[in-house]
Amino acid sequence: MGPVGAVAVRDGGAAAALPHGFWAAVRVWLEKPQVVNRRLCGAVIEAEGTLPPEESGEMSPPLPTRREGGSGAGQERREAAVGDAELGWLWREVCGQLPEGRGNLPPSLKPWGGPGRRAGLHAVLRMLLPRSRPVGPPAPPRRELAVQDVYNGTVTFLPLEENDEGKYQIKKCHIYQIQLTHIKDEEWSMSVVAPFPEDWLSDGITYPKLAWLGNELLSKLAKWSVEQKPSEFKSTLSLISVAKYSQVYQDLKEKYKEIVKVWPEVTDPEKFVYEDVAIAAYLLILWEEERKEKGLTKKQSFVDLGCGNGLLVHILNNEGHSGRGIDVRRRKIWDMYGPETRLEESTIMPGDSHLFPDTDWLIGNHSDELTPWIPVIAARSSYSCCYFVLPCCFFDFHGKYIRRQSKKTQYREYLDFVVQVGSVCGFHVEEDCLRIPSTKKVCLIGKNRTYPPTESALIDKQITQYLNNRPTCAVVTCNRRTGFNHKDQSDNVREGMGSELPENESTIWMPGFQPREKIEQIRNCSSLPRDFVDDVVLNVANLLLNEAPEKSYSNMHGGNTNTWNQGESLSLREVAEQLNKETLKRLKSEYGGLQTLLKNNHQVFKVLNGRVHIRDWRKEKPSRKTKPEVKRCLAAEAFKTRLCWFFIHHPDGCSLPSELCPYAHGTEELRESQIIKKKKHIQ
């Protein structure tokens with residue numbers, strides 16, 4: 001066996017992680033190789049079981065064919081789990097092909113059992129799924145037989161290829177083995193070895209270079225082996241077939257990739273186009289499997305609530321699913337899709353007037369304030385209505401979601417809340433993790449009910465009671481059938497709505513609900529009047545300058561010690577206490593408030609660890625990193641295009657001489673900015 005790489009591992013925790021952690025890490029590599037090898041889309045476990053210790057000369061029958069339908073990857077494993085006998089046949093066929101001589105036989109596969117030990121080996125047959133390549137035909141899937149010997153701490157990977165007779169042969173040049181060795185006490189060693197390293201042929205995809213196995217893969221396995229952090233979420237694509245998803249996603253990506261080039265929105269086209277392509281691929285497979293399960297022939301209909309750019313609706317419509325998207329704001333890209341893509345500009349108010357009794361599925365893709373309402377709307381639309389939600393921002397039934405459990409992450413707590421809503425609405429809620437370029441990847445699916453149709457009225461009453469008991473909604477008692485019984489505090493709800501309740505109150509389930517505004521307001525302080533901003537900047541600067549006596553600072557450019565008032569630092573709270581109430585009220589209406597305004601004015605201020613400082617440009621060090629050519633050009637074009645605040649307002653003037661200050665010392669130095677013109681040209 002030729003050594004490829006080795007790494008020392010120290011198992012120093014309160015509870016010993018090894019050797020159990022090693023096998024958990026190996027399992028990740030078996031089931032989710034794409035988390036390390038980005039050129040793979042994933043892997044499908046086709047068969048798994050224990051190999052019997054007895055040898056046999058019988059030849060193997062063909063491997064069982066895996067059904068493509070069912071409930072996704074989970075079902076694939078369950079179907080494969082009955083194939084222990086077939087694995088035995090496969091093993092007997094390939095074990096005679098193992099390389100012998102020259103000490104190259106993988107140690108764990110030499111004996112079936114030592115003296116007094118008849119332990120069998122555990123085998124996993126997997127299919128590796130490559131990602132599509134930018135050019136050239138897609139790489140074919142590859143099969144591997146992974147043989148685990150827990151007693152010896154080894155797992156050997158035997159790549160297989162099918163010959164003309166339909167039988168499997170080992171590709172001896174691609175055999176490798178991962179080993180765990182106990183040195184002493186808490187010291188372990190993990191290594192990768194190969195029988196014929198000189199014959200190793202890398203295709204850069206399913207068979208990376210040996211150096212990659214000995215460095216990248218080994219370091220990941222070592223890290224996972226001692227990490228005792230169980231994931232809060234399920235593995236990706238646990239409810240559908242990974243192999244089928246890979247194919248559908250690549251087909252859709254190729255079909256809709258041209259949209260990236262003509263994307264008219266200000267958002268990142270690469271992210272949003274391929275994210276919606278991935279979600280569409282997932283839904284198409286999920287719905288195809290549902291049709292097989294329920295014996296349906298017609299493709300499912302849908303409504304996308306809060307559809308945004310509408311691309312998901314466009315793809316699903318093109319793939320044969322009738323449906324529409326609804327959003328409070330029209331997007332520029334809507335006009336590009338054509339009349340076949342149904343998109344509506346409308347406000348959704350949770351109530352009887354916004355039910356969808358003839359729709360099969362409701363979709364909430366980053367639907368914000370509608371997210372917790374979608375299971376409710378689905379439950380009350382019809383008994384057969386299902387839903388798919390991809391929660392992103394944290395909203396309750398009205399307003400922001402308030403955390404209640406510090407032991408969970410905010411994301412996990414919010415997902416549990418949305419799961420709870422679905423359960424109260426009578427759905428068997430399933431959770432899965434998508435493969436999308438987003439930090440919020442977990443979707444929740446309600447496609448099966450936990451109650452018979454005859455109990456629909458009882459579930460509806462249960463939903464109403466749940467809505468009434470939400471802590472944030474205690475000011476109103478909602479009764480969907482008899483209207484609202486407003487308590488003494490209901491005036492607060494009316495005041496918060498900014499208008500009177502509709503005349504037909506019985507159509508609205510919760511009057512405190514606030515839909516998204518039709519015109520998106522910019523609240524990062526950039527839309528505040530310039531005079532207002534200038535006044536706040538001057539007031540805060542004077543506060544800092546008056547807090548400290550003048551300080552001496554050596555002027556390196558002039559060779560003299562000049563006195564320049566650097567001011568003192570104050571906390572954001574201390575600064576806020578010195579501002580008048582009207583100013584604070586205006587700032588609080590902006591996201592980030594005072595801190596955002598001060599950071600926007602970075603020429604004057606530096607905000608570090610919650611404290612505000614006057615920026616001293618003499619101390620500013622140039623970045624060590626070489627800036628890209630484009631950024632250097634933009635910086636040069638911005639030179640002297642704005643007046644220097646310190647030259648105008650600071651009692652000691654600017655700390656830098658004119659030739660070194662990036663801002664203009666007087667109107668005679670001002671240059672016309674070219675950046676805005678370039679941006680307009682790009683758009």
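The values are calculated or read from the model by the stated rules, or taken from the named source; none is laboratory data. In this text, all values refer to a predicted model and were calculated from it rather than measured experimentally. Here the Cβ positions follow ideal geometry from the backbone for every residue, glycine too, while neighbour counts run over all protein chains shown. Quick note on the areas: whole protein, heavy atoms, side chains included, nothing else; ligands and nucleic acids left out. Shrake-Rupley method; radii C 1.70, N 1.55, O 1.52, S 1.80 Å.
General observations
- G338 passes every criterion in (1) touching a His at 6+ places or on another chain (Cβ under 9 Å); (2) modelled with pLDDT of 95 or more; (3) not polar (S, T, N, Q) apart from (2).
- Residue in the range 194-205 that is open to solvent by less than 10 Å² (accessible area, probe 1.4 Å), at pLDDT 85 or above and within 30 Å of L18 (Cα to Cα) present: yes
- Strands (runs of 3 or more DSSP E) enclosed by the range 505-616 - at least 2 residues per element that are over 30 Å from D368 (Cβ atoms) and at pLDDT below 90: 552-555, 560-563
- Exclusive hit being on the phi < 0 side of the Ramachandran plot and out of contact with any Asp or Glu (no Cβ under 8 Å at 6 or more places or on another chain), set L311, L305: L305
- For the range 339-378, the set of residues classified as small (G, A, S) and open to solvent by 20 Å² or more (accessible area, probe 1.4 Å) consists of S346, S353, listed by residue number.
- Evaluating A378 against the criteria (1) farther than 19 Å from Y256 by Cα; (2) without any contact (Cβ under 8 Å) to a residue 24 or more places away in the chain leaves one unmet condition, (2).
- Out of Y383, Y387, one residue alone is under 14 Å from G446 (Cα atoms) and in a loop (DSSP other than H, G, I, E, B). It is Y383.
- Residue list for the range 315-331, restricted to those being touching a Gly at 6+ places or on another chain (Cβ under 9 Å), more than 18 Å from D368 (Cα to Cα) and open to solvent by less than 20 Å² (accessible area, probe 1.4 Å): L316
- Test for K171: is it free of Cβ contacts under 8 Å to residues at least 24 places away in the same chain and open to solvent by 80 Å² or more (accessible area, probe 1.4 Å): no
- Residues within the range 390-435 that are within 30 Å of R39 (Cα to Cα) and either open to solvent by 10 Å² or more (accessible area, probe 1.4 Å) or not in a loop (DSSP other than H, G, I, E, B) (or both), tallied: 9
- Close Cβ contacts (under 8 Å, 6 or more residues apart or on different chains) running from residues in the range 23-35 that are open to solvent by less than 10 Å² (accessible area, probe 1.4 Å) to residues that are of a type in the set (F, W, Y) comprise A25/W224.
- Every test in (1) modelled with pLDDT under 90; (2) of a type in the set (S, T, N, Q); (3) surrounded by 11 or more Cβ atoms within 10 Å (Cβ to Cβ) is passed by S655 save one, and that test is (1).
- Unmet requirement for A8, which otherwise passes all of (1) modelled with pLDDT of 50 or more; (2) open to solvent by less than 50 Å² (accessible area, probe 1.4 Å): (2)
- Some residue of the range 186-199 being in a helix (DSSP H, G or I) and either of a type in the set (S, T, Y) or in contact (Cβ under 8 Å) with a residue 40 or more places away in the chain (or both): yes
- Tabulated pairs, the range 430-441, first touching a residue at least 24 places away in the same chain (Cβ under 8 Å) and among the hydroxyl-bearing types (S, T, Y), second open to solvent by 50 Å² or more (accessible area, probe 1.4 Å) and not in a loop (DSSP other than H, G, I, E, B), C-beta under 8 angstrom, 6+ apart or interchain: S438/K271
- Residue within the range 302-313 that is surrounded by fewer than 22 Cβ atoms within 10 Å (Cβ to Cβ), at pLDDT 95 or above, touching a strand residue (DSSP E or B) at 6+ places or on another chain (Cβ under 6 Å) and closer than 23 Å to Y245 by Cβ present: no
- Residues of the range 262-276 include none that is open to solvent by less than 40 Å² (accessible area, probe 1.4 Å), within 21 Å of P375 (Cβ to Cβ) and touching a Phe, Trp or Tyr at 6+ places or on another chain (Cβ under 9 Å).
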